[in-house]
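**Q** Quick one: the structure is below, and I'll ask about it shortly.
The values are calculated or read from the model by the stated rules, or taken from the named source; none is laboratory data. Just so it is clear, the model here is predicted, and its values are computed rather than measured. Cβ: placed from backbone, ideal geometry, glycine included. Neighbour counts: every protein chain shown.
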Amino acid sequence: MYDRVTTVRRALTGSPADALVERLAVVLDTGYGITSTELLQVDYRLSALLPLTGGDALTAPGHPAWRCFDHQEPVLHEGVGYFPVSARGDRVGVLRLAPVPDDPQGYAELAEIGTVLAHELNCVDAGTDRYTVAARTRRLTLAAEMQWELLPGRSRVRPSFSLAGQLEPAYAVRGDSFDWSDDGHRLWLSTVNGMGEGVTASALTALATHALRNARRAGLALADQATLADQAVYACHRGEQHVSVLLMELELATGLMTVVDAGSPRLVLLREGKVIEQPLDAQFPLGMFDGTEYESQRFQLEVGDRLFVLSDGVVDATSAAGRYGESALDRFLRRTGAMAPLEAVRSLLGDLRAFVSAELNDDAVVVCLDWTGPQP
């Protein structure tokens, strides 16, 4: 005999791609007596939770839905339950249900169902635009559309690490991007910034990202990945355009970090509350010259270390009061120590937007990585 969670899983697996939430509502009504089911998706800026079926966006930080999203724990408020919709650390949003049964087992099952829904949403994403469109507060530029489609996700969690990244301006980003992958033994992370504006920059970033993925999947060492991608960019543009990248490879069992800096953003280490600039051996951006050979460098992480990758658009953000600058950045990074990586990234970019009192003029990418140490 199947339990209720299995019944929900089977119903979602057999559901049309565009009707997951409606099918979920039917089985939750039958199995739990829940008469109101709504999916609240986080928008591209991480600043609003948007109901799939329409209605007002939730933007107030103290709202129960935001408490659920931020802390990744169920929240019960005035008979309404809010449950995280997340898959492998990638946060889709929140499932809002009412009335929630007064039953600890049922409450735990609903939390598990939120995870089941997240996995199904990830599975159907390539086959329907319904959920993608509903997660937008306005239209993306073409360049931004290309950049968001290129990303591996916005956050990732495993026992040995936690990782998150974000692009700004979210609805009009041009050349900045990031990529990651892991195999249980190593984590590969890259940040990429194609020169130029608009679609030209995003197309260049896409070329470099796919070249790096191709080299990584061929099993090449990190420096050789940079060399292959450099050749691909140069072959297309003959040095007239280039791409700044930072490539990193983390051994999850030891914390040994291997890095190739090819005109990259800054790498900052937060260790025991201290902000430390990680020195990098600067090398040419990809595609600048023919036949460039790259070399890697290594440094050791300690358990509990946090790394930030920060593009120039972060430090150089300006307002009428001046430049955001190193000191403001250092103070803010120290404040993120207790936050999960996604919250740290979201808070930093929110602080930048507040500083400039508008959207950022320049692209900004922030990636945050926590190494929690070797895990069984």
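**Q** Would you list the helices (runs of 4 or more DSSP H) that sit entirely within the range 301-376 and hold 3 or more residues that are in contact with a Cys (Cβ under 6 Å, 6 or more places away or on another chain) and not assigned by TED's automatic domain parsing to the domain that holds Q147?
**A** Filter on the range 301-376 gives an empty set.
**Q** Continuing with the same structure: What number of residues within the range 281-300 are crowded, with 17+ Cβ neighbours inside 10 Å and touching a Leu at 6+ places or on another chain (Cβ under 7 Å)?
**A** Going through the range 281-300 one residue at a time, the tally reaches 1.
**Q** L270 passes all but one of (1) under 28 Å from G325 (Cα atoms); (2) without any contact (Cβ under 8 Å) to a residue 60 or more places away in the chain; (3) in contact with a Phe, Trp or Tyr (Cβ under 8 Å, 6 or more places away or on another chain); which number fails?
**A** L270 satisfies every listed condition except (2).
**Q** If you don't mind, another one. Please find, within the range 265-300, the residue that is farthest from the chain's Cα centre (by Cα) out of those that are aliphatic (A, V, I, L, M) and in a strand (DSSP E or B).
**A** A282
**Q** Mind telling me which of the residues V8, V26, V21, V42 ends up being in contact (Cβ under 8 Å) with a residue 24 or more places away in the chain, more than 23 Å from R138 (Cα to Cα) and among the β-branched types (V, I, T)?
**A** V8
**Q** Looking at the range 60-99, which of its residues are in a loop (DSSP other than H, G, I, E, B), touching a residue at least 12 places away in the same chain (Cβ under 8 Å), closer than 24 Å to L163 by Cα and more than 17 Å from the chain's Cα centre (by Cα)?
**A** Once the filter is applied, which keeps residues that are in a loop (DSSP other than H, G, I, E, B), touching a residue at least 12 places away in the same chain (Cβ under 8 Å), closer than 24 Å to L163 by Cα and more than 17 Å from the chain's Cα centre (by Cα), the range 60-99 yields only P74.
**Q** Does any residue of the range 122-131 turn out to be touching a strand residue (DSSP E or B) at 6+ places or on another chain (Cβ under 7 Å), within 23 Å of R23 (Cβ to Cβ) and β-branched (V, I, T)?
**A** Scanning the range 122-131 turns up no residue that is touching a strand residue (DSSP E or B) at 6+ places or on another chain (Cβ under 7 Å), within 23 Å of R23 (Cβ to Cβ) and β-branched (V, I, T).
**Q** Here is a further query. Contact list please: Cβ distance under 6 Å, first residue in the range 221-236 and assigned to a helix (DSSP H, G or I), second residue hydroxyl-bearing (S, T, Y), pairs at least six apart or on different chains.
**A** Note: pairs meeting the criteria are L222/T258; L222/S296; A223/Y294; A223/S296; A226/Y294; T227/Y294; D230/T292.
**Q** Restrict the check to the range 79-101 and report whether at least one residue is farther than 23 Å from L342 by Cα and charged (D, E, K, R).
**A** no
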